[in-house]
Amino acid sequence: MGGMRILMAGASGFLGTRLGDRLGEAGHEITRLVRRPARHAGESTWQPSQGQIDPAAVAGADVVINLAGANIGTHRWTKHYRGVLRSSRVDTTATLAEAIRQLPAADRPGTMVQASGISAYGDTGDRPTTEEGPAGHTFLADLCRVWEAAARPAEDAGTRVLLLRTAPLVDARGGMLKPLLIPFRLGLGAKLGGGRQWMAWMALADWLGAVEFLLDREDVAGPVNMTGAVPCTNAEFTRALARALHRPAVLAVPGFALDLALGGLAEELQVSVRAIPAVLEKAGFHWSYPDIDSSVRVAVDASR
């Protein structure tokens, strides 16, 4: 993969910071979109809520990466915050996709890497689902649908669009693992809800590696399930984390308590998503942490 010019939205977030660092270290030139006056080389100002972006910044990119969006897990999902979750995703995506569409064909970026979520499938129960599976009917599934649809102008203009349906990530510094480490270390680890629901997950290192892999695979486009190679149930995840921390985990957190503690995120953690990363498998991606035990163990060791 030769050096690329990459325009990145959401570069200051948990994933954007780490992906930007990794791609920069690999020799790519990163321009970060910021919502304030640009202060440094490598920054470009935009206002996605108003559809404003510098066309020259888009035309100067080989790849556009959009990871922008309000955090799903830090607020209760009031009616207002549900609107924030939607607008923060749709506005950013639509602004970038429309800017790509309006450029002359010769100036358009070849690839748009667009964030989405594994929640696109809703509740799949025990049924495995690949990227060809039907859309779900939960709030987050509906959110993913309009989020992905906002990227369509770029696809219609001939740009390759990758829709990263990302699962909750396993890493001690963020994702789904960080808020669970303290209670588990105190011996208060517990299954979430019934524990039988399937969990989609992915090690952060594998997520970063998969994005790099996909940038170099021009034959891959459309939805990509960004998940571990082997899905697990919530009970299996709980046992893996308890083993890694050498603590018991014999409790179960009832749904109403999850709602009080986690707000809307509780809905995502109780839904069963048995997602299979068929596109990555077919493309030949190699997972460093294919199972939940190895992924959790490495993340816990790094947190000590």
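Some notes on this structure:
- Net charge in the neighbourhood of Met4 (other residues with Cβ under 9 Å of its Cβ; Lys, Arg +1, Asp, Glu -1) is -1.
- Ordering of 128-140, 110-122 by packing [mean C-beta count within 10 Å, highest first]: 110-122, 128-140
- Solvent-free Debye scattering, log10 I(q)/I(0), computed from the Cα coordinates of the range 5-303 at q = 0.08, 0.09, 0.11 Å⁻¹: -0.34, -0.43, -0.65
- Contour minus Cα-Cα distance for Arg127 and Asp156 (0.36 nm per residue): 7.2 nm
- An ellipsoid equivalent to the range 86-129, defined through the eigenvalues of its Cα gyration tensor, has semi-axes of 31, 14, 6 Å when rounded to whole angstrom and sorted largest first.
- CD proxy at 222 nm, helix term only [per DSSP H run n ≥ 4: -39500 (n - 2.57); per residue of the chain; nearest 500]: -11500 deg cm²/dmol
- The spread of Cα positions in the range 33-83, taken along each principal axis and listed from longest to shortest, comes to 39, 22, 19 Å.
- For the chain, modelled as a GNM whose springs connect Cα atoms under 10 angstrom apart, the maximal fluctuation among Asp123, Asp21, Asp91 occurs at Asp21.
- Cut-off 11 Å between beta-carbons: net charge of the residues surrounding Asp171, Lys and Arg +1, Asp and Glu -1: +2
Values quoted throughout were computed directly from the atomic coordinates according to the rules given, and no laboratory measurement underlies them. Since this is a predicted model, take the numbers as computed values, not measurements. For neighbour counting, all protein chains shown are included, and Cβ atoms are generated from backbone atoms with ideal geometry for every residue, glycine included.
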